[in-house]
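Worksheet for the structure shown next.
No value in this document is a laboratory result; all are computed from the given coordinates. This one's a predicted model, so the numbers in the text were calculated from it and none came from an experiment. Here the Cβ is made from the backbone with ideal geometry for all residues, glycine too, and neighbour counts use every protein chain on show.
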Amino acid sequence: MSPGLHRALRTERKLMEYSKWDLDSLPIQCVWHKGRRVPLLKTLFSTICKNQCRYCALRKDRNVERLSWTPEKLVNTTLKLWRKGLITGLFLSSGMFSDPEVVVEKQVEVAYVLRRRGFTGYINLRLMPGTPKWLVWEAVKVADRVGVNVEAPDPSFFYEIAPDKGSFRHDILGVLEHASRAWKFMGKRKVLKAGIATQMIVGLAETDRDCILTTFRLIRNLDVTRVYYSPFQPIKNTPLENRSPCPISRAQRLYQAFFLLRDYFFSLKDLESLLDSKGMLPVTDNIKEAYAKLNPHLYPIDVNTASYRELLKIPTVGPRGALKIMQVRKERKLRAEDLKVLLGKKNFKRAVRYIAF
Ligand code: SF4
């Protein structure tokens with residue numbers, strides 16, 4: 001970043017401090033999308049918030065510096081970074097500095113002005129609970145991804161940790177419902193190319209069963225394409241400061257469960273079969289392998305005759321690997337040597353006990 005831009009952003013950098021920074025001189029977060037590293041300007045429109053979420057660094061009563069962008073400055077900064085090739089997109093959320101309509105109008109205004117000024121990069125708008133329907137539709141028209149955080153897997157946990165964030169049913173699920181309807185109405189191929197996203201905090205009192213069940217409903221009923229699991233980290237001077245942090249490995253297991261539901265045709269029943277008496281997933285680095293060990297009657301799977309869905313049940317075989325297997329076996333009978341090449345030696349070694357030829 002040029003020294004001029006760096007100086008100009010001295011104040012606004014604080015608006016981004018709740019993102020992880022990949023480089024200490026750039027307020028840019030890199031996310032991974034389909035195996036690619038995507039640099040985004042991830043920021044809040046404002047750190048002013050009238051709510052009192054019990055886990056949050058920005059809750060009203062906490063003493064932090066409160067700042068806001070102006071739409072113009074945020075647009076100019078985004079365009080400058082994008083034109084220099086330093087970012088490919090903008091992720092924009094906000095504290096609740098006013099009612100949801102006012103806050104989201106600012107977010108949508110930024111997105112519209114960016115588009116008008118030729119910005120073709122990625123825009124992700126994290127909307128506010130209670131965003132009115134008309135504004136959700138505007139956001140769907142202009143952004144690549146929209147969403148609102150569910151924060152917790154069910155209403156009772158939600159009200160406990162976010163007591164003034166509105167109604168779980170109407171203000172959170174309702175916004176996701178409007179987004180899903182708008183997306184279907186405008187055409188899934190034409191708008192929201194990156195779909196609908198949400199986030200829940202894990203590691204407070206909920207079980208993996210709670211998270212998986214809610215995730216399943218969000219995917220099936222509300223077209224949510226991405227659920228993020230944020231492992232709880234206690235923050236000083238918040239009501240939850242003495243709670244233990246959630247290990248990242250728990251969130252990683254939930255991510256695996258999410259992808260098995262979304263991309264691997266695992267049913268809710270398949271995942272529930274893995275839960276222990278406390279409703280938790282096994283402590284393992286590979287949930288699919290745990291499933292295979294628990295269901296030996298389903299294995300080995302014959303790679304020369306199995307359907308796409310069956311192939312996806314083989315540990316280390318993903319959607320791309322399954323498609324490659326189906327392509328190659330059209331030409332010839334697959335042998336171990338072919339699979340070593342298709343999956344890579346390391347993956348083949350892990351998969352071989354679940355495969356027949
Ligand atoms: S509404 Fe958002 S910013 Fe405000 S306290 Fe709750 S989580 Fe934090």
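Some observations on this one:
- For the stretch 258-293 versus the stretch 308-332, the gap between their alpha-carbon centres in whole angstrom: 20 Å
- Site pair LYS184 and ALA205 shows an inter-label distance of 3.4 nm when each label is modelled 7 Å from Cα along Cα→Cβ.
- Paramagnetic reach from PHE357 in the stretch 288-332 [backbone N under 16 Å; point 7 Å along Cα→Cβ]: 300-306, 325-326, 328-332
- Length available on full extension from TYR159 to ARG262: 0.36 nm per residue minus the Cα-Cα distance, which gives 34.3 nm.
- Under the criterion of Cα pairs below 8 Å and six or more residues apart, the relative contact order for the stretch 211-355 equals 18 percent.
- The convex hull around the C-alpha trace of the stretch 197-329, projected and averaged over every direction, spans 9.3 square nanometres.
- Difference of contour (0.36 nm per residue) and Cα-Cα distance, LEU294 to ALA57: 81.1 nm
- By the helix-only formula, in which each DSSP H run with n ≥ 4 contributes -39500 (n - 2.57) and the sum is divided by residues, the chain has a 222 nm mean residue ellipticity of -11500 deg cm²/dmol.
- Greater than 28 Å apart at Cα, pairs in LYS288/LYS333; LYS188/LYS349; LYS42/LYS236; LYS288/LYS346: LYS188/LYS349
- Inverse of mean 1/r across different Cα pairs in the chain, Kirkwood, Å: 22.2 Å
- Of all aspartates and glutamates in the structure, the ones whose alpha carbon falls short of 12 Å from that of LYS190, not counting any fewer than 8 places away in one chain, are ASP144.
- Per-pair calculated FRET efficiency, R0 = 25 Å: TYR228 and THR70 via Cβ, rounded to 0.05: 0.30
- The chain: antiparallel DSSP beta bridges as a percent of all, rounded to 5: 25 percent
- Ranking VAL140, THR47, GLY203 by how far each Cα lies toward the positive end of the dipole of the stretch 3-266 (charges on Cβ) leaves VAL140 at the top.
- Residue order, fewest to most surrounding Cβ atoms within 10 angstrom, among HIS170, HIS178, HIS297: HIS297, HIS170, HIS178
- For ARG217, net neighbour charge (Lys/Arg +1, Asp/Glu -1) across residues whose Cβ lies under 14 Å away: -1
- The angle between the Cα long axis of helix 319-331 and the main principal axis of the chain comes to about 40°, on a 0 to 90 degree scale.
- Taking label points 7 Å from Cα along the Cα-to-Cβ direction, ASP302 and ASN237 give a separation of 6.7 nm.
- Cα-based shape type of the stretch 299-356, given that a ≥ b ≥ c are square roots of the gyration tensor eigenvalues and the cut on a/c is 1.5: rounded
- For the stretch 3-266, the dipole from Cβ point charges (+1 on Lys and Arg, -1 on Asp and Glu) about the Cα centre works out to 1020 debye, to the nearest 20.
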